[in-house]
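For reference, the structure is listed below as structure tokens.
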Amino acid sequence: MSRKKSIILLSVGHACVDVYQGSVAALVPFFVAERAYGYAAASGVVLAASLLSSVAQPLFGALTDRWAMPWLLPVSTVLGGLGVALSGVSGSYPLTLLFVAVSGLGVAAYHPEAARAARIAAGGSHTAMGWFSLGGNIGFAAAPVVVAAVVTAGGLRLSPLLILPALVGSVLCLPVLRALTGRARTGATTASPPGADDRASFGKLSLVVVFRSIAFTGLSTFIALHAQQRTGGGPATGAAALLLLYLGGAAGTVLGSRLADRWDRVTVVRWSYLAATGGVAGVVFVPGPALHLFVVLTSACLYLPFALQITLAQDYLPTRVGTASGVTLGLTVSVGGLASPLIGALADRTSLQAALAPLVVLPVLGWLAARTLPEPAAPVRSEPAGERS
């Protein structure tokens, strides 16, 4: 299978999986309306999806560093969809938390192996990795539309229909699985020896991603409710704000990979976070329809470095590509989910705007942490083998 076709299939599969990461946040307004959840209870749902994922993704990454596990792609896709599909079946809050946690486990199992496969297919290209990441952004962007189309029509009882993207994604993963398995059997391809790990830089990059994670997840959890309050609109206004948040991310991912081909990755990362500061401030403090413009700006700036951070992490830990992917996409990203209940609890005691105000500082902290990051020399890769010891 050609590299281009592999990247396309992985990108579409990534979209199908990340529908479920976005669906948890998209379901929050419906949980609030139909089950009368407070801010803290609603953010607890996001926490349940993030908590298991935050622990499991690095573990799956370590496993994929030792053994090729392409079968994880279709299996984890179905698992991620199953959890979200069942989340609306029962009115029990503990069962809802359990089901979204199952979905988080599926997402956790998918990302490290998919990122490893994308690295092989990309052959070191920032643009190709950007297209793979774009799939995830499109999945996030599609989540509010998919959830609204299903749940608005008949309430949370129709949530089992949300498993359909998972079934599609699992089927699309099969050709890539066969291709990777075939390479492992034939041993027909080789890879350049990895360089030395730069753990200090990887640690700094992880801190940068933590700051981004808290800012973005905090906004995605509450942006629908915040937009309704700031504009005086209804649920459609909130869904539009969430959709714009995800669409801006899709545009930012592609633009970021293009800019990295002109400048180096670290430079793009630094300036993206600095620009995101103004965007987050606008989202929090600007009233009326203009808020939506700042939603797009914030999302684009927070996603400009997204694919670049994946390749940077992999190049900082070239001997532990799966672990680097698992930490970057999992542990550090999921910290935002861990912080969401704190934001919700503060909102319950004060106001949602006051609870979101501290998020303005986080892009600044990301910019400060990125200032000392070096630009690693990307290794020259041939078509790597599908097997590792």
Residue among 269, 295 that is under 30 Å from residue 374 (Cβ atoms), in contact with a Leu (Cβ under 8 Å, 6 or more places away or on another chain) and buried (at least 24 other Cβ atoms within 10 Å of the Cβ): 269
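Kindly indicate which of 168, 150, 145 is touching a Cys at 6+ places or on another chain (Cβ under 7 Å) and surrounded by fewer than 24 Cβ atoms within 10 Å (Cβ to Cβ). Spell out how you get there, then give the answer.
Values: 150 fails: touching a Cys at 6+ places or on another chain (Cβ under 7 Å); 145 fails: touching a Cys at 6+ places or on another chain (Cβ under 7 Å).
Matching residue, one of 168, 150, 145: 168.
Examine segment 260-274 for a residue that is part of a helix (DSSP H, G or I) and closer than 29 Å to residue 146 by Cα, and state whether such a residue exists. Spell out the reasoning first.
Just the residues of segment 260-274 that are part of a helix (DSSP H, G or I), to begin with: 260-262, 265-274.
The next check asks that each one be closer than 29 Å to residue 146 by Cα; those that pass are none.
Checking segment 260-274: not a single residue is part of a helix (DSSP H, G or I) and closer than 29 Å to residue 146 by Cα.
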Pairs with Cβ under 6 Å, 6+ apart, first in segment 299-322 and within 28 Å of residue 284 (Cβ to Cβ), second among the aromatic types (Phe, Trp, Tyr) and crowded, with 24+ Cβ neighbours inside 10 Å: 302/216
Residue within segment 110-122 that is more than 13 Å from residue 21 (Cβ to Cβ), outside any helix (DSSP H, G or I) and in contact with a Phe, Trp or Tyr (Cβ under 9 Å, 6 or more places away or on another chain) present: no
Every pair of residues 6+ apart whose Cβ atoms lie under 7 Å, when the first sits in segment 154-174 and is closer than 14 Å to residue 12 by Cβ while the second is of a type in the set (Ser, Thr, Tyr): 166/77; 169/77; 170/77; 173/77
When residues of segment 186-228 are limited to those that are surrounded by fewer than 19 Cβ atoms within 10 Å (Cβ to Cβ) and among the charged types (D, E, K, R), the one modelled with the lowest pLDDT: 197
Selection count where residues are more than 17 Å from the chain's Cα centre (by Cα), assigned to a helix (DSSP H, G or I) and surrounded by fewer than 24 Cβ atoms within 10 Å (Cβ to Cβ), scope segment 10-38: 7
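Select, from 329, 317, 342, the only residue that is under 21 Å from residue 55 (Cβ atoms), surrounded by fewer than 18 Cβ atoms within 10 Å (Cβ to Cβ) and at pLDDT below 90.
Working: 329 fails: surrounded by fewer than 18 Cβ atoms within 10 Å (Cβ to Cβ); 317 fails: surrounded by fewer than 18 Cβ atoms within 10 Å (Cβ to Cβ).
Going through 329, 317, 342 in turn, just one is under 21 Å from residue 55 (Cβ atoms), surrounded by fewer than 18 Cβ atoms within 10 Å (Cβ to Cβ) and at pLDDT below 90: 342.
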Residue tally, condition surrounded by fewer than 21 Cβ atoms within 10 Å (Cβ to Cβ) and not β-branched (Val, Ile, Thr), over segment 229-258: 11
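Which residues, counting only those in segment 275-305, are in a loop (DSSP other than H, G, I, E, B) and out of contact with any Ser or Thr (no Cβ under 8 Å at 6 or more places or on another chain)? Give the steps one after another, and end with the answer.
Initially, segment 275-305 is screened for residues in a loop (DSSP other than H, G, I, E, B), giving 286-290, 304-305.
If the condition is that a residue be in a loop (DSSP other than H, G, I, E, B) and out of contact with any Ser or Thr (no Cβ under 8 Å at 6 or more places or on another chain), then 286, 290 are the ones that fit.
To keep it simple, each residue is scored yes or no on (1) part of a helix (DSSP H, G or I); (2) modelled with pLDDT under 85; (3) in contact with a helix residue (DSSP H, G or I) (Cβ under 6 Å, 6 or more places away or on another chain).
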{"site": "73", "(1), (2), (3)": "yes, yes, yes"}
{"site": "77", "(1), (2), (3)": "yes, no, yes"}
{"site": "86", "(1), (2), (3)": "yes, no, yes"}
{"site": "94", "(1), (2), (3)": "yes, no, no"}
{"site": "100", "(1), (2), (3)": "yes, no, yes"}
{"site": "103", "(1), (2), (3)": "yes, no, yes"}
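The values are calculated or read from the model by the stated rules, or taken from the named source; none is laboratory data. Just so it is clear, the model here is predicted, and its values are computed rather than measured. Because the Cβ atoms are built from the backbone with ideal geometry, glycine has one as well, and the counts that use them run over all protein chains shown.
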